[in-house]
Amino acid sequence: MHETDDETTDPDQVRKHTPGGGVKPAAHPIDPNVPEEFGLVQAWWGNGKGKTTAAMGMGFRAAGHGYRVHMLQLMKGGADSVEAVRGEYNAIESMPGFSYENLGHYGWHGMQDGSKDDSHKDEAQAGYSRAEELLRAAAAADLTGELPLDAPPEDGMHLLILDEILYAADRELIDPADVIALIEKKPEHLELVMTGSHNRPEYLLDHADLVTNVRKEKHPIDEGQRGRKGTEF
């Protein structure tokens with residue numbers, strides 16, 4: 001182990017070399033701002049809990065810096081244990097600069113939940129068309145400048161979350177090639193986040209900058225635990 005000199009072991013000097021220079025983080029008013037390094041493509045997949053949660057967490061963080069964020073959910077339904085009003089929607093509604101829309105059919109494709117699989121495909125296709133519209137809106141906006149926090153997503157966004165789009169592609173509700181086409185249409189400064197699928201999205205590996213496998217080690221659902229209010233919805 002290498003030794004340090006007295007200067008670097010002094011508490012005041014050590015604090016100066018930490019992120020933020022040792023200044024304790026504090027909350028500030030949220031005003032429109034411009035991201036300096038956005039423009040990557042992220043993919044979050046796996047059989048573990050937390051893909052959508054991670055994407056929304058990034059959304060809240062970005063919105064907290066004054067960036068414009070929008071989330072489009074393609075397939076977010078749920079079982080009969082999930083209420084129509086979700087906690088995340090209430091939270092997003094109260095967050096400046098963060099908006100959402102859900103075009104998914106109630107329930108999950110391939111499950112015995114009373115919904116029809118044909119309807120899932122129709123709505124997934126509608127969700128894909130909406131994603132194309134949002135990318136065109138982002139391309140038409142000046143993403144190197146501030147965007148009004150209360151403006152509709154048609155006026156552009158700095159970060160776009162396409163929630164469950166990888167699940168829709170995995171279930172062949174949309175073509176994986178079309179997912180790649182969305183990436184190719186992405187404007188340079190837009191941060192694009194895609195979530196979903198328990199299967200590794202091989203088709204995305206050469207097109208995404210960040211790919212995360214959210215892996216399950218243990219989940220109470222395996223013991224019959226239903227979705228819990230405040231953690232799953």
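The values are calculated or read from the model by the stated rules, or taken from the named source; none is laboratory data. Bear in mind the structure is a predicted one, so any value in this text is a computation, not a measurement. So basically every Cβ, Gly included, is an ideal-geometry build from the backbone, and we count neighbours across all protein chains shown.
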Selection from segment 26-57 of residues that are among the aliphatic types (A, V, I, L, M) and under 30 Å from Glu232 (Cβ atoms): Ala27, Ile30, Leu40, Val41, Ala43, Ala54, Ala55, Met56
Go through segment 64-76 residue by residue and tally those that are over 30 Å from Arg171 (Cβ atoms) and in contact with a Phe, Trp or Tyr (Cβ under 8 Å, 6 or more places away or on another chain). 1
One residue from Leu166, Leu134, Leu160, Leu192 being outside any strand (DSSP E or B), within 15 Å of the chain's Cα centre (by Cα) and closer than 14 Å to Val41 by Cα: Leu166
Go through segment 64-74 and count every residue that is crowded, with 24+ Cβ neighbours inside 10 Å and either more than 11 Å from the chain's Cα centre (by Cα) or not in a strand (DSSP E or B) (or both). 3
Over segment 199-215, the set of residues surrounded by fewer than 20 Cβ atoms within 10 Å (Cβ to Cβ) and assigned to a helix (DSSP H, G or I) is Glu202, Tyr203
Considering segment 175-198, residues that are over 17 Å from Glu101 (Cβ atoms) and of a type in the set (Val, Ile, Thr), and then whichever is surrounded by the most Cβ atoms within 10 Å (Cβ to Cβ), we arrive at Val179
Among the numbered conditions (1) of a type in the set (Ser, Thr, Tyr); (2) at pLDDT 95 or above; (3) closer than 18 Å to Met56 by Cα, tell me where Thr144 comes up short. (3)
Within the set of pairs 6+ apart or on separate chains, which have a first residue in segment 151-171 that is over 17 Å from Glu132 (Cβ atoms), a second that is among the basic types (Lys, Arg), and C-beta atoms under 9 Å apart? Ala151/Arg68; His158/Arg68; Leu159/Arg68; Arg171/Lys121
For segment 198-225, name all the residues that are in contact (Cβ under 8 Å) with a residue 24 or more places away in the chain, of a type outside the set (A, V, I, L, M) and closer than 18 Å to Asn47 by Cβ. His198, Asn199, Arg200, Pro201, Thr212, Asn213, Arg215, Lys216, Glu217, His219
Name the residue, out of Asp80, Asp31, that is over 18 Å from the mean Cα position of the chain (by Cα), at pLDDT below 95 and either of a type in the set (D, E, K, R) or more than 30 Å from His219 (Cα to Cα) (or both). Asp80
Could you say whether any residue in segment 155-163 is out of contact with any Phe, Trp or Tyr (no Cβ under 6 Å at 6 or more places or on another chain) and charged (D, E, K, R)? yes
A careful count of residues in segment 127-153 that are hydrophobic (A, V, I, L, M, F, W, C) and closer than 23 Å to Ile174 by Cα gives 6
